[in-house]
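Working notes, beginning with the structure itself.
The values are calculated or read from the model by the stated rules, or taken from the named source; none is laboratory data. What you see is a predicted model, and the numbers here were worked out from it, not measured in a lab. With ideal geometry, Cβ positions are generated from the backbone for all residues, glycine too; neighbour counts draw on all protein chains shown. Just the protein is used for accessible areas: all its heavy atoms, side chains included, with ligands, DNA and RNA removed. Shrake-Rupley method; radii C 1.70, N 1.55, O 1.52, S 1.80 Å.
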Amino acid sequence: MIVVLKKESPKTQVENLIEWLESQKVGVHISEGEFSTVLGLIGDTASVDEHLLEGLEIVESVMRVSEPFKNANRKFHPEDTVIDIADHKIGGGNFQFIAGPCSVESHDQVLEIAEGVHKSGANFLRGGAFKPRTSPYDFQGLKAEGIEILLEAKEKTGMPIVTEIMSAAHLPLFENVDVIQVGARNMQNFDMLKELGRTNKPILLKRGLANTYKELLMSAEYIMSGGNENIILCERGIRTFETYTRNTLDIQAVTVLKELSHLPVIIDPSHAGGMSRLVKPMAMAAAAAGADGLMIEVHNNPSKALCDGAQSLTPAQFDDLTKNVRKILNALNEN
Ligand code: PEP
Ligand code: MN
């Protein structure tokens, strides 16, 4: 249920209302916007009499929210969420480039790529230390050592780092990681999502290969219901009947997710098409659709990459991509 309060309602009356609602055993999520204050009621609201609320002097309107995702719902939080990570904002009109290799392979590889993408204006460095591979015989990542390498690159370049977690048991290793990625395959690892909800780390939550928008938002809800509201949603391609490309990029996810939720939405075109030549045009399309950022795989020697070489851009190709995406962003800002 959401309760929209009248503008300039007296503070004490608002506080009394919140206290009363909490005494009814419902959680109250307060969203103070520029134009109105919205109270989002979470939990068993069946016993709350909406007509009684509507009759209160400070209440503008009351609505029952039918969607099962509450914290992630735009109705509960009409304004875009803006997440500030080491002074880099994402969401609410702030666009960010996250770039780096699929996997951390060596110190020199990561440092070279980090410096390259940083020069082109990437503000976040990505790199997988724990790799979810389809085959157990493929490279599984450098694990703790990989995180150490990313932290060195962060120290050298000043770029915050984004890296994937595959088990909540590894959380202590992520203490200095800026953004924890939940990969497509773990989107519904509910126990891990609950653990991440108890941290205060920004979470980049990727949509599963065959998951709906609502399932993605329910996964965000698992994290948010634990108290962690810093979530970035990521569309990375879904599985369809088309087999020519690795996955099919669902650009409309940007619009739909932003309608349904206030959370920032980014696009990963690298895992979508699986081919480097598709990355730039899809990145431009994502920016045109209103995405809040892009996550791009970049490798200094794609043909030798231990993972996802075919979809990786060289630093020079990434530089060209950023220039073209900026043209789109500038064109959007002119309107
Ligand atoms: C990745 O980002 O390297 C990755 C494994 O992505 P996804 O979970 O989207 O497949
Ligand atoms: Mn990859």
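Okay, here's what the table says:
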read-out	value
Rounded to 5, the percent of DSSP beta bridges in the range 145-263 classed as antiparallel	10
In the range 72-139, chymotrypsin sites (Phe, Trp or Tyr not before Pro) in a DSSP loop with at most 12 other beta-carbon atoms within 10 Å	137
Degrees separating the helix 107-119 axis from the principal Cα axis of the chain, which is the longest one	60
Candidate residues 143, 11: accessible-area rank, largest first, probe 1.4 Å	11, 143
Exposure of residue 23 as accessible area (Å², to 10), given a probe of 1.4 Å and all protein chains	70
CD proxy at 222 nm, helix term only [per DSSP H run n ≥ 4: -39500 (n - 2.57); per residue of the chain; nearest 500]	-10500 deg cm²/dmol
Of all accessible heavy-atom area on the range 2-63, the percent that carbon and sulfur account for (1.4 Å)	50
Disulfide-incompatible cysteines by the Cβ rule (no partner under 4.7 Å) in the chain	234
Cα pair count fraction exceeding 28 Å, expressed as % - the chain	43
Length-normalised contact order for the chain - Cα pairs under 8 Å, 6+ apart - percent	15
C-alpha long axis of helix 11-23 to longest principal axis of the chain, angle in °	80
Nearest-ten-degree value, helix 144-157 long axis tilted from longest Cα axis of the chain	90
Low-density loop positions, chymotrypsin sites (Phe, Trp or Tyr not before Pro), the range 205-281 - DSSP coil, at most 14 other Cβ in 10 Å	241, 244
